[in-house]
1. Across region 19-52, what is the total count of residues that are surrounded by 15 or more Cβ atoms within 10 Å (Cβ to Cβ), under 20 Å from residue 201 (Cβ atoms) and at pLDDT below 95?
2. Please tell me if residue 58 is touching a residue at least 12 places away in the same chain (Cβ under 8 Å), within 14 Å of residue 10 (Cα to Cα) and not assigned by TED's automatic domain parsing to the domain that holds residue 202.
3. Condition check: touching a Ser or Thr at 6+ places or on another chain (Cβ under 9 Å), closer than 17 Å to residue 201 by Cβ and assigned by TED's automatic domain parsing to the domain that holds residue 23. Does residue 78 satisfy that?
4. Considering only helices (runs of 4 or more DSSP H) fully contained in region 1-106, which possess at least 1 residues that are under 23 Å from residue 125 (Cβ atoms)?
5. Within region 141-161, identify whether any single residue is touching a residue at least 40 places away in the same chain (Cβ under 8 Å), hydroxyl-bearing (Ser, Thr, Tyr) and crowded, with 20+ Cβ neighbours inside 10 Å, and answer yes or no.
6. Restricting to region 15-29, count the residues that are in contact with an Asp or Glu (Cβ under 8 Å, 6 or more places away or on another chain) and farther than 11 Å from residue 208 by Cα.
7. Is there any pair linking a residue in region 181-195 that is in contact (Cβ under 8 Å) with a residue 60 or more places away in the chain to one that is assigned to a helix (DSSP H, G or I) and crowded, with 17+ Cβ neighbours inside 10 Å, with Cβ under 9 Å and at least six apart or on different chains, and which?
Amino acid sequence: QGRAGTCSAHAAANCLHYLLRKEGVADFPPSRLFIYYTARVYVEGTPATEDSGCVLRDVCKAVARYHAPDEKYEPYSDARIAQRPSALAVANARKHCALQYRAVPQTEADLKGALAAGYPVMVGIQVYAGFESDEVARTGEAQLPGPDEACLGGHAVVLTAYDDSLRRFTLMNSWSSAWGRGGFFTLPYDYLLDPQLAGDFWCFTAFK
């Protein structure tokens, strides 16, 4: 992800790539830069030079409307977020226009149900100071925030698994494979089920 606020585009691209492989249609990483630009500039109306981030709902709308090309046609660089997608990227995106997505209710049963059906869930979480600690970066185990812990802002991640014995969800981050457990981390169930700490749950159910 680098220094840009592209976490929601990373989350979407990871889910789309998973679906492509799952359905056996193709195996290419969708362009994160393309998704971020179309969601932020075309859907949300943000100036191209403003690194504002974007909510997952609008990322889904952007992929549905503008599609998503192979990463090789619009390679990722956090220094290029203001650059309009190339004609080649737009042309390739039009070849991958079959998309279905849906909101996922914020309940334990619905989140587990989406995973059981084979659909990773994009999640928006509130990040607190402890999440950016060296300990979480090393162990990949994040906790509920303390009463006086500073909230640093929103972040998009991907829910991939759960463990009932520990009552913890496993999620994919976008801060490189050197962070956490190979780029993954865990959160208590209560974190994702608290509307004050998490929201904007979506999953893609078809893409080709």
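The values are calculated or read from the model by the stated rules, or taken from the named source; none is laboratory data. Predicted, not measured: the structure shown is a model, and the values here were computed from it. Every residue, glycine as well, gets a Cβ built from its backbone with ideal geometry; the counts of neighbours run over all protein chains shown.
1. Counting residues in region 19-52 that are surrounded by 15 or more Cβ atoms within 10 Å (Cβ to Cβ), under 20 Å from residue 201 (Cβ atoms) and at pLDDT below 95 gives 1.
2. Numbers: touching a residue at least 12 places away in the same chain (Cβ under 8 Å): yes; within 14 Å of residue 10 (Cα to Cα): yes; not assigned by TED's automatic domain parsing to the domain that holds residue 202: yes.
Yes: the conditions hold for residue 58.
3. Numbers: touching a Ser or Thr at 6+ places or on another chain (Cβ under 9 Å): yes; closer than 17 Å to residue 201 by Cβ: no; assigned by TED's automatic domain parsing to the domain that holds residue 23: yes.
When the stated conditions are applied, residue 78 does not pass them.
4. Passing ranges, in order: 7-23, 32-37, 56-66.
5. At the first step, the residues of region 141-161 found to be touching a residue at least 40 places away in the same chain (Cβ under 8 Å) are 141-145, 154-161.
With the extra rule that they be hydroxyl-bearing (Ser, Thr, Tyr), the set shrinks to 160.
This time we only want the ones that are crowded, with 20+ Cβ neighbours inside 10 Å, so: none.
Looking for residues that are touching a residue at least 40 places away in the same chain (Cβ under 8 Å), hydroxyl-bearing (Ser, Thr, Tyr) and crowded, with 20+ Cβ neighbours inside 10 Å, one finds none in region 141-161, hence no.
6. Counting residues in region 15-29 that are in contact with an Asp or Glu (Cβ under 8 Å, 6 or more places away or on another chain) and farther than 11 Å from residue 208 by Cα gives 1.
7. From residues that are in contact (Cβ under 8 Å) with a residue 60 or more places away in the chain, the pairs are 189/111; 192/111; 193/111.
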